[in-house]
Amino acid sequence: MPIRVVELFAGVGGFRIGLEGYPKKANANYDVSWSNQWEPSTKLQHANLVYKNRWPDSNHSGENIADVIENNFDQIPDHDLLVGGFPCQDYSVATTLKNSQGLIGKKGVLWWSIEAILRRKGVNRPQYLMLENVDRLLKSPIKQRGRDFAVMLASLNNLGYAVEWRVINAAEYGMPQRRRRVFFLAYRNDSEIFNRILETENKADWLDSDGIIATAFPVKEIREKIKTDNINEDLIKVSEQFNLDGKDNPFENCGVMINGEFTTVKVKPNYSGPLQTLGEVLIDLKDVPEEFFIAKEDVNKLKGWKYLKGSKREIRETKEGYKYNYSEGSMIFPDALDNASRTIITGEGGKSPSRFKHVVEQNGRLRRLTPIELERLNMFPDNHTELDAITDTKRAFFMGNALVVGIVQKLGQELSERINININQEEVA
């Protein structure tokens, strides 16, 4: 029986592709039984158009998830695994609400949507979670470093979950993009994986060899100092009092939390396999539309690209007339083809010069990356986001918001193996 999945903040389906495979159900271990995507402040829900086009028969919701929880909660089916990548915002706790409404955040409402689903599902809440965020989550906000993540850990601890996390740079495991994201997996307290963590006397063993993330993405043996501490069960106190001096970050790039106690350490990747490069994802030059080229004869535009990519040390002035010294280092221009690409950002699309857009040189011609190449850097199928109603700029935006599918695939493979092993052992017993 496949693992039933609910995919939140689905975008154009990165988690679904990583777990189910593509075409649909290439991996029979997972079945996305319900998904949700809603982009605030936009009338036309572009990501939903792509999602429904690729999975036309799916049980997909395009409503605000907060409205679904409040007004139509029954449409969210019971499931085994909840997945999603949600924005990094301010996750401070605003207040407690009466009865089942629970806790809300001042800005980080999407995290509280996850928390509300888990809480309201009660005994039917999923046994497993797989969540993704930007790596700065572990040290935000600046004045209370680590508080936002501490609030999440405390929330999950109060709901009966153990959590392991790791900041993973996809390129350090052979994937074609240097994209750093924190992934965290959670296990309900009646699961076999929870018990395994509980029985692991030295939690560092879980982090460098025994854990699901460590098995999927090996690290070098831990030799650095290991930090241990406890998370307060009171979310208000965590929000108001956690790391008030804000000087040292309590969370390293890898860790595990169970029964309110967390162990965290800095780890380094251990990978010696093949390395994919930006050059390998490029399409044939004859297939590149003319609009993506930067004419060297257009001196002014080329000058703009070189200025933005170059080093600067200059005096700038604010609208209010305040002058300040501004400096930044140079970037490689054009981008190197013999290495993994830089991180794709949401502003990747469009013709205008930019410091952060990719520019490559093929056969002496400079050009921006096409949507297909951006999809390949995130390991999506070619033309996954192609649709008549979707512009190339919007397709680039999707990939700036997306995750590297290969990471989800490897985590999903290891998780399903652990779950199936445990199920088989229970059946034999």
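The values are calculated or read from the model by the stated rules, or taken from the named source; none is laboratory data. All of these numbers come straight from a predicted model, not from anything done at the bench. Cβ sites come from the backbone with ideal geometry, for glycine too, and all protein chains shown count toward neighbours.
Apart from one condition, Thr264 fits all of (1) in contact (Cβ under 8 Å) with a residue 24 or more places away in the chain; (2) under 23 Å from Asn339 (Cβ atoms); (3) of a type outside the set (D, E, K, R); the exception is (2). Filtering Asp229, Asp190, Asp248, Asp205 for residues that are surrounded by fewer than 19 Cβ atoms within 10 Å (Cβ to Cβ), part of a strand (DSSP E or B) and not hydroxyl-bearing (Ser, Thr, Tyr) leaves a single hit, Asp229. If only residues of the stretch 192-203 that are of a type outside the set (Asp, Glu) and in contact with a helix residue (DSSP H, G or I) (Cβ under 8 Å, 6 or more places away or on another chain) are counted, the one that is nearest to Leu403 (Cα to Cα) is Ile193. Before we move on, is Lys107 modelled with pLDDT under 95, in a loop (DSSP other than H, G, I, E, B) and basic (Lys, Arg)? Considered against the rule, which asks whether it is modelled with pLDDT under 95, in a loop (DSSP other than H, G, I, E, B) and basic (Lys, Arg), Lys107 comes out as yes.
Scanning the stretch 288-310 for residues that are part of a helix (DSSP H, G or I), in contact (Cβ under 8 Å) with a residue 12 or more places away in the chain and either among the β-branched types (Val, Ile, Thr) or exposed (fewer than 11 other Cβ atoms within 10 Å of the Cβ) (or both) yields one hit, Glu291.
Of the residues Arg180, Arg147, which is modelled with pLDDT of 95 or more and among the basic types (Lys, Arg)? First the steps, then the outcome.
Values: Arg147 fails: modelled with pLDDT of 95 or more.
From the options Arg180, Arg147, the qualifying one is Arg180.
Candidates are the residues of the stretch 21-51 that are among the hydroxyl-bearing types (Ser, Thr, Tyr) and at pLDDT 95 or above; the one that is farthest from Thr391 (Cα to Cα) is Tyr30. If you go through the stretch 238-261 and keep only what is of a type in the set (S, T, N, Q) and within 24 Å of the chain's Cα centre (by Cα), you end up with Ser239, Asn249, Asn253.
Of a type outside the set (A, V, I, L, M, F, W, C), surrounded by fewer than 17 Cβ atoms within 10 Å (Cβ to Cβ), in contact with a Ser or Thr (Cβ under 9 Å, 6 or more places away or on another chain) and under 30 Å from Arg376 (Cα atoms): does that describe Pro176? Lay out the reasoning, then the answer.
Working: of a type outside the set (A, V, I, L, M, F, W, C): yes; surrounded by fewer than 17 Cβ atoms within 10 Å (Cβ to Cβ): no; in contact with a Ser or Thr (Cβ under 9 Å, 6 or more places away or on another chain): yes; under 30 Å from Arg376 (Cα atoms): yes.
In short, no.
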